[in-house]
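Asker: Let me give you the structure first, and then I'll get to my questions.
The values are calculated or read from the model by the stated rules, or taken from the named source; none is laboratory data. Predicted, not measured: the structure shown is a model, and the values here were computed from it. Don't worry about glycine lacking a Cβ; one is built from the backbone with ideal geometry, like all the others, and counts go over all protein chains shown. Each accessible area value is taken on the protein alone, full model and side chains, heavy atoms only, with ligands, DNA and RNA left out. Shrake-Rupley method; radii C 1.70, N 1.55, O 1.52, S 1.80 Å.
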Amino acid sequence: MSGDAERLGKALAAEHAAVFAYGLIGARTSGTLRSKATRAFDAHRARRDQLRAFVTARGGRPAEAEPSYSLPLVPSTPTDAVRLAVQVETGVTAAYLELVAADDPALRKYAALAMQEAVARSYAFRPAIGTAFPGMPAAAPPASPGPSPVSPPASPSAPTGG
């Protein structure tokens, strides 16, 4: 499988999982939260269909959705639903982060826009900045500071009287 085809496959798999998760979120919520989940469901379904078309146009066979997906949690409260939605969007962002490295400039642009939408959706569910670069693996914590290689400047000496 070529690099672009593999990246498209990963993005498609992420969209399949997102559609599944938002179906569950929508079924277990109401009001404004359900409306947000429905909009997210529709957006992910549209992206999924576009990715399927990209794969087909390149002579590939798009993977079908799994009958079920293992989720990090099954939402039983609105807080759980929001937490799951944010995790879904983070996973989708990570999948598109790989597609941004595609050889085809049109796919790179598509992936960048999809990442932007996923991060905006995540923020709409929980308006907080989680990481500077959503979708990127967390950086290792900085090493503990050691002795500085540069000595501090010497303090000026007081003039001596004379």
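Asker: Going highest first, how would you order 113-124, 81-92 by mean Cβ packing within 10 Å?
Answerer: Taking the mean over residues of other Cβ atoms within 10 Å, the ranking is 81-92, 113-124.
Asker: Can you give me the long-range amide H partners of A65? Hydrogens built in the peptide plane at 1.01 Å from N, cutoff under 5 Å, separation of 5 or more residues or another chain.
Answerer: none
Asker: Considering only the other residues whose Cβ falls under 14 Å of the Cβ of A128, what net charge follows from Lys and Arg at +1 and Asp and Glu at -1?
Answerer: It works out to a net charge of +2.
Asker: Same structure, new question: Taking θ as phi - 60°, what are the ³J(HN,Hα) couplings along the stretch 121-127 by the Karplus curve (6.51, -1.76, 1.60), each to the nearest whole Hz, with x for Gly and Pro?
Answerer: Using θ = phi - 60°, the values come out as 5, 4, 5, 5, 6, 9, x Hz.
Asker: Turning to a different aspect of this structure: Using Cα pairs closer than 8 Å and at least 6 residues apart in sequence, work out the relative contact order for the stretch 1-134, in percent.
Answerer: Once normalised by length, the contact order is 30 percent.
Asker: Run the accessible area of the stretch 1-92 with a 1.4 Å probe and give the carbon-and-sulfur part as a rounded percent.
Answerer: Carbon with sulfur: 54 percent of the solvent-accessible area.
Asker: Less than 13 Å Cβ to Cβ from E89, Lys/Arg counted +1 and Asp/Glu -1: what total charge do the surrounding residues give?
Answerer: Net local charge, E89 excluded: +4.
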